[in-house]
Amino acid sequence: MIKMLFITIAEYFDKIENVSSRLEMTDYLAELFEKTNKEEIKKIIYLLQGQVAPTFEGKEIGFGEKLIAEGISKATGFTRKEIEESFSKKGDLGEVVEEMLIKKSQGSLFTKELTLKKVFENFEKMSLREGIGSQETKIKLLAELFNSSTQKEAKYIARIPLGNIRLGVGDPTIMDSIAIMIAKQEKNWLKLKEEEKRKIKQKLREKIEKAYNVYSDLGEISEIIKEKGINGLKKVEIKTGTPIRPTAAERLPSAKEIIKKLGKCAVEAKYDGFRILISKDDNEIKIFSRQSENITKMFPEIIEAVKQLKSKKLFIEGEALAFNEETNEYYPFQITIQRKRKYDVEKKAKEYPLQLFLFDIVYLEGKNLMEKPFKERRKILESIIKENEIIKLSEMKIINSAKELEKFFEEKISQGLEGIMAKDLDAPYIAGARKFSWIKLKRSYKGNLDDTLDLVIIGYYTGKGKRTQFGLGALLVAAYNKEKDLFESIAKIGTGMTEEILKELEERLSKIKTIKNVRIISELKPDYWVEPKIVIEVRADEITKSPLHSCAKEETGLALRFPRMIKFRNDKKPEQATTTNEVKQMYSKQKKVSVELFGQKE
Ligand code: AMP
């Protein structure tokens with residue numbers, strides 16, 4: 001077969017860019033796929049996805065707009081300033097380079113035709129470059145491509161490394177097009193009725209998606225199809241090291257509707273961290289994100305904990321979140337997300353250790369468990385996981401009624417969680433789709449507290465983790481109930497203290513330790529009680545209902561969510577602290593903000 005020229009691809013991309021319907025788009029893409037051999041189809045698919053290998057291999061082309069502009073400048077001789085000006089008008093570097101090449105009028109003077117192989121090779125080389133001097137090399141490799149391309153080719157070459165070819169071709173379109181490509185090989189295809197054609201395409205498409213769901217590499221799937229036909233996919237199975245596509249949750253507005261849909265079901269706490277899929281093959285452990293990126297290196301403590309599991313081969317799934325050892329509470333998502341990083345991994349791991357709540361298993365010792373009902377998978381998960389400091393099972397309960405579901409939901413909200421996840425006990429693991437096997441119920445509003453509070457320290461916890469040297473880990477603080485002249489607990493604070501403040505706190509608190517003072521009302525028991533003497537200023541995200549705390553007990557208790565100490569208020573007496581009544585007023589007045597503004601995750 002003659003080597004595929006990149007101009008052929010660019011011409012198809014151009015046609016796709018100008019179509020008026022998705023149907024036309026898939027037809028053109030299928031036509032392009034037909035012209036390829038197995039290596040070429042794989043390369044085109046990766047380039048369409050803005051990569052040179054499946055996502056989980058982590059080979060990023062690694063280009064920002066700035067580097068591409070450099071490449072354009074190097075190839076065309078236009079200055080960075082000129083390129084930036086044109087970019088700010090057009091908003092697309094593809095069009096910028098197209099225009100610059102026209103101006104440069106190098107139109108037809110090519111000595112060599114650009115092949116798909118060459119384009120791909122250069123991008124591959126770019127993906128392998130990291131570190132000193134890598135940028136120079138990358139720019140050179142890109143400029144080389146621009147130098148031997150037509151305007152049309154250059155347009156797409158500039159767009160590929162940004163992962164945005166702007167064709168609107170996503171994975172579903174790619175799968176549809178592969179299905180059409182195979183369908184057209186049917187005998188008498190042209191003579192078939194439309195309905196027959198549609199059925200054939202649909203069947204093929206289902207087979208492709210089924211394979212993709214357990215093996216997230218459309219490039220390789222297309223290669224298998226080219227080589228062995230659709231039946232080649234029968235051998236594609238879930239295997240350690242290659243991520244499956246995760247299932248997704250539906251949403252319903254109330255407990256009642258969830259029960260109407262599922263009947264007796266499982267409910268779990270919904271943790272607000274990030275979802276991870278873990279593959280273990282003896283001591284080779286890999287961690288994948290919800291988007292199938294390989295994020296193994298980011299979580300050394302999870303790797304160590306998973307190594308301790310007895311099972312040799314498995315795929316398990318759960319939610320990881322940063323845990324505050326000082327207060328025994330979870331950090332907000334904004335803190336947890338700091339653990340998703342490439343640099344300073346060890347340092348951040350010490351600062352914000354993670355806990356992992358496992359909620360599913362899809363593979364064990366060579367067996368695919370996806371078809372098994374959830375209740376069986378959960379049993380298997382429970383049987384192989386021994387909980388420890390890091391790995392836990394998600395909290396789960398089986399319930400029968402909307403009332404029970406609501407109670408569990410309220411309980412989780414008051415513990416500062418996001419909501420609950422209801423699960424169909426009999427559903428298989430539905431990879432890559434949402435089909436009411438999981439239904440989420442989140443609280444719809446969240447308070448937004450603008451003001452700070454002045455609170456009284458009533459006790460403290462000794463330091464754990466990185467705070468051991470201070471003998472002080474967290475503070476228990478109270479609001480002042482003026483009518484009863486009592487100090488009622490409202491929050492546990494482990495954040496916001498500098499080393500200097502910690503030292504001062506320890507010194508002052510150790511002098512006022514007491515065996516509980518009768519004016520202190522608290523169900524939580526700190527390591528030491530102290531005389532209610534010291535007032536501190538505290539900021540929090542919001543005031544929430546909480547049965548754990550004693551402030552405003554008649555309203556099930558009010559507490560601060562994510563409290564942090566700002567400074568000492570030595571100018572205030574404990575009786576001048578924020579009162580319980582003020583807390584109640586602040587609670588009713590706090591701005592209600594739709595949760596969707598927060599908690600938006602990857
Ligand atoms: P959402 O991101 O709001 O669509 O909710 C789905 C996400 O909730 C999942 O992708 C998980 O990351 C997360 N999650 C937290 N707790 C659980 C749980 N117990 N079961 C399943 N997913 C959970």
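Look at Gln308 and say whether it is away from the ligand (no atom under 16 Å from the Cβ) and either within 18 Å of Ile380 (Cα to Cα) or within 16 Å of the chain's Cα centre (by Cα) (or both). Walk me through how you get there before you give the answer.
Details: away from the ligand (no atom under 16 Å from the Cβ): yes; either within 18 Å of Ile380 (Cα to Cα) or within 16 Å of the chain's Cα centre (by Cα) (or both): yes.
Yes: the conditions hold for Gln308.
Looking at the stretch 253-270, can you tell me whether even one residue there is within 23 Å of Ile390 (Cβ to Cβ), open to solvent by 10 Å² or more (accessible area, probe 1.4 Å), near the ligand (Cβ under 9 Å from one of its atoms) and not in a strand (DSSP E or B)? Steps first, answer last, please.
Our first condition is that a residue be within 23 Å of Ile390 (Cβ to Cβ); within the stretch 253-270, this holds for 268-270.
Next, from what is left, pick out any that are open to solvent by 10 Å² or more (accessible area, probe 1.4 Å): 270.
Filter again for near the ligand (Cβ under 9 Å from one of its atoms), leaving 270.
Cutting the leftovers down to not in a strand (DSSP E or B) gives us none.
No, the conditions are met nowhere in the stretch 253-270.
Which of the residues that make up the stretch 524-555 are part of a loop (DSSP other than H, G, I, E, B), open to solvent by 30 Å² or more (accessible area, probe 1.4 Å) and farther than 28 Å from Thr498 by Cα? Lay out the reasoning, then the answer.
Narrowing the stretch 524-555 to residues part of a loop (DSSP other than H, G, I, E, B): 524-527, 531-534, 540-541, 546-552.
Still in the list and also open to solvent by 30 Å² or more (accessible area, probe 1.4 Å): 524-525, 527, 531, 533, 541, 547-548.
Residue satisfying the conditions is Pro547 alone.
To keep it simple, each residue is scored yes or no on (1) basic (Lys, Arg); (2) loosely packed, with under 11 Cβ neighbours inside 10 Å; (3) at pLDDT 95 or above.
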{"residue": "Arg80", "(1), (2), (3)": "yes, no, no"}
{"residue": "Val97", "(1), (2), (3)": "no, no, no"}
{"residue": "Ile102", "(1), (2), (3)": "no, no, no"}
{"residue": "Ser127", "(1), (2), (3)": "no, no, no"}
{"residue": "Gly131", "(1), (2), (3)": "no, yes, no"}
{"residue": "Glu136", "(1), (2), (3)": "no, no, no"}
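So if I check each of Tyr12, Tyr46, which one is open to solvent by less than 20 Å² (accessible area, probe 1.4 Å), at pLDDT 95 or above and farther than 30 Å from Ser134 by Cβ?
Values: Tyr46 fails: farther than 30 Å from Ser134 by Cβ.
Checking each option against the conditions leaves just Tyr12.
Would the stretch 227-238 turn up any residue that is of a type in the set (Asp, Glu) and part of a loop (DSSP other than H, G, I, E, B)?
Of the stretch 227-238, the ones of a type in the set (Asp, Glu) are 227, 237.
With part of a loop (DSSP other than H, G, I, E, B) added as a condition, the list becomes 237.
Checking the stretch 227-238: at least one residue is of a type in the set (Asp, Glu) and part of a loop (DSSP other than H, G, I, E, B).
Of all residues in the stretch 161-216 being open to solvent by 40 Å² or more (accessible area, probe 1.4 Å) and small (Gly, Ala, Ser), which is modelled with the highest pLDDT?
Gly168
Which pairs do you get when a residue that is outside the structural domain of Leu548 (by TED's automatic domain parsing), found in the stretch 394-416, comes within reach of a residue that is surrounded by fewer than 18 Cβ atoms within 10 Å (Cβ to Cβ) and in a helix (DSSP H, G or I), reach meaning Cβ atoms under 7 angstrom, with the pair 6+ apart or on two chains?
Close Cβ pairs satisfying both conditions: Ala402/Lys256.
Pairs, please: C-beta under 7 Å, at least 6 apart or cross-chain, first residue away from the ligand (no atom under 14 Å from the Cβ) and in the stretch 578-602, second open to solvent by 50 Å² or more (accessible area, probe 1.4 Å) and at pLDDT 85 or above?
Thr579/Lys482; Asn581/Lys482; Met586/Asp451
Which of (1) within 14 Å of the ligand (Cβ to nearest atom); (2) over 26 Å from Glu410 (Cβ atoms); (3) out of contact with any Ser or Thr (no Cβ under 9 Å at 6 or more places or on another chain) does Asn283 not meet, given it meets every other one?
(1)
If we keep just the residues of the stretch 370-393 that are in contact with a helix residue (DSSP H, G or I) (Cβ under 7 Å, 6 or more places away or on another chain) and more than 16 Å from the ligand (Cβ to nearest atom), which is most open to solvent (accessible area, probe 1.4 Å)?
Out of the qualifying residues, it is Asn388.
Let me spell it out: the conditions are (1) surrounded by 18 or more Cβ atoms within 10 Å (Cβ to Cβ); (2) in contact with a Gly (Cβ under 6 Å, 6 or more places away or on another chain), and Thr462 meets all of them except one. Which number is the exception?
(1)
With a cut-off of at least 2 residues that are closer than 18 Å to Lys43 by Cα, name the helices (runs of 4 or more DSSP H) lying wholly within the stretch 83-200. Lay out the reasoning, then the answer.
Numbers: elements: 93-104, 116-128, 134-147, 151-159, 171-183.
Helices (runs of 4 or more DSSP H) meeting the threshold: 116-128, 134-147, 151-159, 171-183.
Being open to solvent by 20 Å² or more (accessible area, probe 1.4 Å), away from the ligand (no atom under 13 Å from the Cβ), closer than 26 Å to Tyr587 by Cα and small (Gly, Ala, Ser) is the filter here; which residues of the stretch 394-451 pass it?
The answer is Ser414, Gly416.
The values are calculated or read from the model by the stated rules, or taken from the named source; none is laboratory data. Since the model is a prediction, treat every value here as computed from it, not as a measurement. For neighbour counting, all protein chains shown are included, and Cβ atoms are generated from backbone atoms with ideal geometry for every residue, glycine included. Note: accessible area is taken over every heavy atom of the protein model, side chains too, but ligands, DNA and RNA are not part of it. Shrake-Rupley method; radii C 1.70, N 1.55, O 1.52, S 1.80 Å.
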